[in-house]
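What follows is one structure encoded as structure tokens, with my remarks underneath.
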Amino acid sequence: MSTKSNNKMLQSLLAIMRGIAEVLTAGKTMPFRNGTIDGPGLQALVAPLIALVQAVGDKKTAYTAAIESRDAARSTIDALIADIKKGCSLGFGDSSVEFEQFGFAPKKKPATLTPEQKQQKLERMRATRAARGTMGSRQRKAVRGVIPTPPSPPSTPGQGGVAPAK
């Protein structure tokens, strides 16, 4: 059921309890399920149901608070697990039985490549370097900056079409 109908159900039960307190007083009875019932008898039926519906709300609030607490401690938990894993790795080795008994899986070994796969990997690497224009350390050292010479100003002929003497 949705929260809205649960709230409506709780409000209905609370209204019934108020009605019992106001109407079924001093030994009054009312027809109920092929018989009659008095105020205390009806309260005995309704009160546990109210408690049940209210308990769900209380437990939901506690559940939400517990989730928030867990999420707040996530970084601490992750750091602890990482530190324990590192300690097991250093103390016992990544491929030891003790390492696995702590619940850690050993590192996967890389798959061996066929000659065709190696060739394809090399071609991809070279194509990526060419596309990005990346160079190795020796290639970078080979690059030398060149200072461009400034262009000489154009000479304008003087009067009479003769260039001025220098």
Suppose we flag chymotrypsin sites (Phe, Trp or Tyr not before Pro) only when DSSP calls them loop and at most 15 other Cβ atoms lie within 10 Å. Which is the longest uninterrupted stretch of the chain?
33-101
Would you be so kind as to identify which of Phe92, Leu80, Thr112 lies farthest towards the positive end of the dipole of region 75-131, taking Lys and Arg as +1 and Asp and Glu as -1 on Cβ and the Cα centre as origin?
Thr112
Can you give me the P(r) profile for the chain? Cα pairs, bins 5 angstrom wide beginning at 0, each as a whole percent.
1, 6, 6, 6, 5, 5, 5, 6, 6, 5, 5, 5, 5, 5, 5, 4, 4, 4, 3, 2, 2, 1, 1, 1, 1, 1, 1, 0
Span-rule helices in the chain, defined as complete DSSP H runs reaching 24 Å or more along the axis (Cα) with Kyte mean at least 0.0:
3-23, 39-72, 74-92
Which of the aspartates and glutamates could a cross-linker bridge to Lys8, judged by Cα under 18 Å and excluding same-chain residues fewer than eight apart?
Asp58
Extended-chain gain in nm, criterion 0.36 nm per residue less alpha-carbon gap, Ala65 and Ala131:
18.5 nm
For region 75-131, take every pair of Cα atoms, bin their distances at 5 Å starting from 0, and report each bin as a whole percent.
4, 17, 15, 12, 9, 7, 10, 18, 9, 1
Over region 1-90: Rg over Rh, Cα atoms, Kirkwood Rh
1.41
Would you mind working out the magnitude of the charge dipole of the chain relative to its Cα centre, with +1 at each Lys and Arg C-beta and -1 at each Asp and Glu C-beta, to the nearest 20 Debye?
1400
Check cross-link reach from Lys118 to the lysines: straight Cα distance under 30 Å, and skip same-chain residues fewer than eight apart.
Lys107, Lys108, Lys109, Lys141
Take every Cα-Cα pair in region 53-98 and report what % of them are more than 14 Å apart.
66
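No lab work stands behind these numbers, since they all come straight from the coordinates. Just so we're clear, the structure is a prediction, and the values are computed from it rather than from any experiment. Ideal geometry is used to build each Cβ from the backbone, glycine not excepted, and the neighbour counts take in all protein chains shown.
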